[in-house]
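Step one of this worksheet: look at the structure below.
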Amino acid sequence: SAISKNSLKRSLLELECHFTWTLLKQDVDLDELEDTIGDQIEFFIKSNITNYNLLSYVCHLKNSNEEALRNLQKAEEEIKKNYPDEIARRSLVTWGNYAWIYYHMERYKEAQTYINKVENSCKKLSSTAQWKIQLPEIYAEQGWALLKFGGKYYMRAKNCFENALKNEPDNPEFNAGYAIAMYRLEDFSHRQCEDVSLSIEPLKRAVQLNPKDTFVMALLALKLQDFKRVDEGERYIEAAMQKTPDLPYLLRYAAKFYRRKGEVDKALKILKKAIAVTPRSAFLHHQLGLCYRAKLFQLKKTTRYPPQKQVEELIQLSIFHFKIAIDQKTKFFSAHIDLANMYAEGRRYEKAEETFQKAFQINILVCDDKQEFYYNYGNFQRFHMKSESEAIRYYTEGLKIEKDSYARSRCRNALNKLLERRIQGGLGDATDFGTLGLIHNLNGEKQKAIECYEKAIALCPDNEEYLNALCELQLSI
């Protein structure tokens with residue numbers, strides 16, 4: 001009846017599980033996520049309860065509830081195997097997911113059964129709360145799920161692991177989760193020109209607590225490399241390679257380390273070994289593309305007339321792997337940009353244009369992604385389409401997004417150079433002066449901005465944008 005359905009919904013919303021953690025399907029590529037979790041189940045030795053629970057949720061999002069139930073059964077088998085003495089405590093998320101999936105299948109009686117199981121277990125586990133029970137492993141499980149759903153979720157993931165650590169500060173798994181969240185958050189802020197590393201210490205601590213975790217070891221190595229502590233980083237990479245020479249998750253980061261160190265052939269060798277194990281990994285294909293690109297740039301830098309055949313071959317290889325990366329992971333922004341730029345290198349301008357547009361239509365772009373897009377697309381217009389006015393337009397768009405990032409300062413520098421050159425060459429039009437005025441204004445150089453806007457207005461007396469900007473500036477001084 002309708003009443004029971006409503007009361008059921010109320011109870012469902014009280015549960016702590018994937019269905020109540022606001023993990024939105026439009027933020028990920030579901031097929032790719034399913035592949036990734038599958039690979040992790042296969043190659044990570046740790047308990048897979050978390051992975052099966054998450055996989056059940058992903059299957060539900062892909063409208064295969066039967067498959068979702070099968071994964072929850074697997075989660076239950078893992079719980080019995082790993083925690084025979086704490087089955088109820090370890091099953092709360094699994095049972096919560098069961099309740100939601102049965103609810104969506106309109107099997108309300110079974111949904112109610114699982115709600116009751118959670119409720120009764122919570123009563124036994126905690127004298128105070130009937131429902132809301134705050135177990136560290138549930139916080140951690142939520143943290144792992146959030147990490148899988150991408151950049152928007154990293155801050156929440158960090159908070160989850162912090163909550164888990166309050167109760168168990170020495171738990172190796174919670175420390176690893178916290179360190180990974182910090183690493184990824186910093187990867188974001190790294191693009192925003194912050195020169196501090198808050199993740200090195202948590203990564204070191206996670207490695208101390210679990211010296212077998214070569215995945216975290218590799219992240220620590222990359223972080224040390226970011227901060228020019230290359231030799232220290234390399235010691236961790238080599239130790240990790242000795243411990244788990246075949247783990248694809250270590251190999252991908254080891255390859256990244258050597259590529260950035262300039263040892264591209266070594267990186268390629270490692271990547272080929274990893275891709276034999278996880279052939280559909282978007283990450284690995286992207287890294288392969290970056291390696292072939294690095295070889296191309298090396299060749300162009302060191303040879304005055306690089307053999308055309310070799311150049312073509314490297315461009316083709318690079319395109320081949322970038323393309324697989326974005327086919328596999330449709331929301332992989334940087335791989336889209338890399339592919340578009342590589343099409344431009346190969347003079348396939350229509351393909352480049354199409355790929356740039358696809359990149360810009362990805363629905364989860366943050367400010368610095370957009371600035372990155374405008375910078376790269378501006379370069380494409382300037383160097384390949386030979387249109388300085390279009391380049392200026394896109395660099396300016398990047399600059400107008402007022403969030404500091406590397407991409408934004410690149411837009412600013414490119415604009416400055418381009419405009420100064422045009423104006424000195426006597427080619428400056430109203431738009432050039434207006435844009436230069438905007439740059440000065442954003443830099444807080446009001447007097448210079450006023451001069452530029454005055455020149456723009458002299459060339460284009462009726463332009464409202466320039467008149468308004470000039471008015472506001474004069475009032476603000």
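Which listed residue (Thr435, Gln447, Leu467) has the Cα farthest towards the positive end of the charge dipole for the stretch 428-477, taking +1 on Lys and Arg C-beta and -1 on Asp and Glu C-beta about the Cα centre? Result: Gln447, furthest along the dipole toward the positive end.
Can you bin the stretch 19-178 into rounded, prolate or oblate? Criterion: square roots of the alpha carbon gyration tensor eigenvalues sorted a ≥ b ≥ c, rounded for a/c under 1.5, prolate for a/b above b/c, oblate for the rest. Provide the component values of the computation, followed by the final result.
Working: a/c = 1.40, a/b = 1.01, b/c = 1.39.
Verdict is rounded for the stretch 19-178.
Ordering of 464-473, 243-252 by packing is 243-252, 464-473, highest average first (other Cβ atoms within 10 Å, averaged per residue). Name the residue farthest towards the positive end of the dipole of the stretch 250-366 from the options Leu299, Gly262, Leu365, assuming +1 on Cβ of Lys and Arg, -1 on Cβ of Asp and Glu, about the Cα centre. Result: Gly262. Using only the alpha-carbon atoms, how far is helix 30-43 inclined from the longest principal axis of the chain? Give it as 0 to 90 degrees, nearest 10. Taking Cα atoms only, the helix is inclined about 60 degrees. Between the Cα long axis of helix 154-167 and the first principal axis of the chain there is an angle of about 40°, rounded to the nearest 10.
Quick one: with all protein chains in place, what share of the accessible area of the stretch 224-312 is carbon or sulfur, to the nearest percent (1.4 Å probe)? All intermediate terms of the calculation are to be shown ahead of the outcome.
Details: 2530 of 4750 Å².
It is 53 percent, rounded to a whole number.
Applying 1/(1 + (r/R0)^6) with R0 = 35 Å to the Cβ-Cβ distance of Arg421 and Val230, what FRET efficiency is obtained, to the nearest 0.05? The partial results should precede the final answer.
Working: r = 37 Å, r/R0 = 1.06.
Given R0 = 35 Å and the Cβ-Cβ separation, E is 0.40.
To the nearest ten degrees, helix 172-190 and the longest principal axis of the Cα atoms of the chain are 20 degrees apart. Given +1 at the Cβ of Lys and Arg, -1 at the Cβ of Asp and Glu and no other charges, the dipole of the stretch 42-142 around its Cα centre is 240 debye to the nearest 20.
About its Cα centre, the dipole of the chain is roughly 940 debye, where the only charges are +1 on Lys and Arg Cβ and -1 on Asp and Glu Cβ. When the Cα gyration tensor is reduced to axis lengths a ≥ b ≥ c, the ratio a/c is 1.5 or higher for the stretch 278-334, and with a/b above b/c it is classed as prolate. Working note: Karplus 6.51/-1.76/1.60 with θ = phi - 60° gives the stretch 459-474 the couplings 7, 9, x, 9, 6, 4, 4, 5, 4, 4, 4, 5, 4, 4, 4, 5 Hz, where Gly and Pro are set to x. From its DSSP helices (H runs of at least four residues, each -39,500 (n - 2.57)), the chain gives a residue-normalised ellipticity at 222 nm of -24000 deg cm²/dmol. When Rg/Rh (Cα atoms, Kirkwood Rh) is computed from the coordinates, the matching label among (1) 1.04; (2) 1.13; (3) 0.93 is (1).
Would you mind classifying the stretch 357-446 by shape? Square roots of the alpha carbon gyration tensor eigenvalues, ordered a ≥ b ≥ c; an a/c under 1.5 is rounded, otherwise it is prolate if a/b is larger than b/c and oblate if not. Here the stretch 357-446 falls in the oblate category.
Per residue, the solvent-accessible area of the stretch 159-316 (1.4 Å probe, heavy atoms of protein chains only, all protein chains present) comes to 49 Å².
The values are calculated or read from the model by the stated rules, or taken from the named source; none is laboratory data. Please read all numbers here as calculations on a predicted model, not as lab measurements. Note that each Cβ is placed from the backbone with ideal geometry, even for glycine, and that neighbours are counted across all protein chains shown. Heads up: the accessible areas ignore ligands, DNA and RNA and are worked out on the full protein's heavy atoms, side chains in. Shrake-Rupley method; radii C 1.70, N 1.55, O 1.52, S 1.80 Å.
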